[in-house]
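Peer 1: I'd like to ask you about the structure that follows.
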Amino acid sequence: MVRKKDEWDFGGQSELTQELGHEASQRLAAEYKNAKSSKLKSDLAAGLMNWLMDTKKNVVWDEETAATEWQRDRGNAVSTRLLGVAYERGRGKEQSDKDARRCFLKAAMMGDATAQRYVAGCYLRGVGGDVNYDEAFRWYTKAFNQGDLKAQAALGDMLDAGQGCDRDADEARTYYRASRAGKSLATKSAATQ
């Protein structure tokens, strides 16, 4: 009998032990497969960029293949942002802050709110280029106007510190409280602009 790689050898045992052992090894293999699938799904949900699942073809890609596919589909803002994340983290692509910032900027110009927030963060911290508080404030504002709560909180930080804008502690406090409550002030802000 030729054993599969994941099967255990229970040949020297009683018939009952062999049967139970075989069932147990199959159950363990199934549990391992389910656990691996759950880990892949949780990695995707957490945005860890370890794996990407192509649901149309039901194929799981490794990081390098995913980065190549994203690069191929550069017209899509989300794909371009994810390519930027791959460059930023060095997952599937050689780590490059400059290329990450370029991808984030391209996706941000396509209207992706998360990419706008990432670009603002790059300008704020000088990732992949120079620090520019005015540009950081401008991109955080664009993301905020699309309802991005993290951008709203970051605007609160910038207003509190007076980076890229006049310092306004009261307005900053308003942004912080709304962000903490999960409430977007974007509709109120967009109406007054």
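The values are calculated or read from the model by the stated rules, or taken from the named source; none is laboratory data. Quick caveat, the model's predicted, so the values are computed rather than measured. Here the Cβ is made from the backbone with ideal geometry for all residues, glycine too, and neighbour counts use every protein chain on show.
Peer 1: Given (1) closer than 26 Å to residue 79 by Cα; (2) of a type in the set (Phe, Trp, Tyr); (3) over 16 Å from the mean Cα position of the chain (by Cα), identify the lone condition not met by residue 104.
Peer 2: Every listed condition holds for residue 104 apart from (3).
Peer 1: Tell me the residue from 134, 130 that is of a type in the set (D, E, K, R) and not in a helix (DSSP H, G or I), please. So that I can check it myself, show each step before the final result.
Peer 2: On the way: 134 fails: not in a helix (DSSP H, G or I).
That would be 130, the only listed residue that is of a type in the set (D, E, K, R) and not in a helix (DSSP H, G or I).
Peer 1: Filtering the stretch 161-180 down to residues that are surrounded by fewer than 17 Cβ atoms within 10 Å (Cβ to Cβ), assigned to a helix (DSSP H, G or I) and at pLDDT 90 or above, which residue is nearest to the chain's Cα centre (by Cα)?
Peer 2: Within the stretch 161-180, the match that is nearest to the chain's Cα centre (by Cα) is 177.
Peer 1: Just the residues that are over 22 Å from residue 147 (Cα atoms) and crowded, with 22+ Cβ neighbours inside 10 Å, please, taken from the stretch 85-100. Give the steps one after another, and end with the answer.
Peer 2: Step one: list which residues in the stretch 85-100 are over 22 Å from residue 147 (Cα atoms), which gives 86-100.
Result: 86, 87, 88, 92, 93, 100.
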